[in-house]
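What follows is a set of notes on a single structure, which appears directly below.
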């Protein structure tokens, strides 16, 4: 038996220490993990390019004439449209694929064919733009009754597309003056000859390699960017391209690549060189190649170009007839999409437009 104090009060048990707050540490750890993932994957390039709406240019601002050329004032606006292309990392791929309807993803090989370098692609695109400008000048001046000379000494190979029948047969710097039995003096001639044949046809090219005569046969395959059209699998350049112009005219390409501004250059030249006001005060954008026969060819990136036209408040956008279905997916009802197959169709549409009286009057 033990002694006890009847008046003593039992001591209360000591409470356990409160649990430590772990969530701030977990939050910091999560941020660090995300930051590490971004750091690791940000510079990882996937085999895709993101194609997005690019800058627009008012075509009249890119055209200049000699002092002795009569130039007429235009009341409206004619815009050419572009796209931007960039290789993507995983985050940019996810954004383009799931979050941004204005951006399309293209496989890298479509933009930069295997075996080619960025510099070769850039050079090829700039050459295509320069040739489209020359063609636009030729078509416009020819329509106005001028005598225009446009010749070359044949074509040479700038690039061979890997995985096509041309690989291993044609080589860079090969020169040709006869394709499929027809004489060609420019790359436009070569393109027209090739397009006159069918996918699967085998054609012969005659020319020189390192100064020695060659005659090569190549089977045409489907174009990588223009379904249904044939291609050899090379990029041609015109040898010693020259154009003898009856008037002094110059077009600034702004280092934009590709041939898709040809139609708009042609329309702008006609608008500036004739008293007829083609725009009638309207804000018009457009895209499409132009050929010597005045037909308008299909282009890439038409969705992005329609988005670009909407962004600048264009009322109307001209698109190649072959691109109409795709173009309409980007229109959303706030812009009129007009399919164009020939230059004449574009001119007929413009002439049928009701002019905006206050703008036309203020220009006089």
message = Considering only C-alpha atoms, what is the centroid distance from the range 100-134 to the range 286-361, in Å?
response = 22
inquiry  = Using helices alone, I'd like the mean residue ellipticity at 222 nm for the chain: each DSSP H run of four-plus residues gives -39500 (n - 2.57), total over residue count, nearest 500.
reply    = -8500 deg cm²/dmol
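Between residue 328 and residue 27, what length comes free when the chain is fully extended (0.36 nm per residue of separation minus the Cα-Cα distance, one decimal in nm)? Walk me through the intermediate numbers first.
Details: separation 301, 0.36 × 301 = 108.36 nm, distance 4.60 nm.
Length gained between residue 328 and residue 27: 103.8 nm.
May I ask you to give the average projected area over all directions of the convex hull of the Cα atoms of the range 221-347, in nm² rounded to one decimal? If you can, show how the numbers build up before the last one.
Values: hull surface 38.3 nm².
Value for the range 221-347: 9.6 nm².
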note = Hull volume per residue for the chain, using the convex hull of the C-alpha atoms, in Å³ is 268
inquiry  = Using a Gaussian network model on the chain with a 10 Å cutoff between Cα atoms, which of 292, 307, 65 fluctuates the most?
reply    = 65
ask   = Rounded to the nearest 5, what % of the DSSP beta bridges within the range 210-364 are antiparallel ones?
value = 40
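Quick one: Kirkwood hydrodynamic radius for the range 214-272, alpha-carbon pairs, angstrom, one decimal?
Evaluated over the range 214-272, this radius sits at 15.4 Å.
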message = Just to be sure I understand the curve: with the Debye formula and one point per C-alpha of the range 105-158, what is log10 I(q)/I(0) at q = 0.14, 0.24, 0.30 Å⁻¹?
response = -0.56, -0.97, -1.17
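Which percent of the Cα-Cα distances in the range 149-244 go past 17 Å? Kindly include the intermediate steps, with their values, before the conclusion.
On the way: 2071 of 4560 pairs.
When every Cα pair of the range 149-244 is considered, 45 percent fall beyond 17 Å.
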query = Helix 343-352 versus the longest principal axis of the chain: what angle, 0 to 90°, nearest 10, using Cα atoms?
reply = 80
query = Under a point spin-label approximation (7 Å from Cα along Cα-to-Cβ), what is the residue 102-residue 206 distance to one decimal in nm?
reply = 5.3
note = The answer for the per residue Cα convex hull volume of the range 280-333, in Å³, is 84
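Only bridges with both residues in the range 149-244 count here: give the DSSP antiparallel percent, nearest 5.
Values: 26 of 27 bridges.
Roughly 95 percent of the DSSP beta bridges within the range 149-244 come out antiparallel.
Which percent, to the nearest 5, of DSSP beta bridges fully inside the chain are antiparallel?
Working: 44 of 57 bridges.
Here the antiparallel bridges make up roughly 75 percent for the chain.
Read-outs throughout are calculated quantities, based only on the coordinates presented, and are distinct from any laboratory measurement. Since the structure is predicted, the reported quantities are computational estimates derived from the model, not experimental observations. Cβ atoms come from the backbone with ideal geometry, glycine included; neighbour counts cover every protein chain shown.
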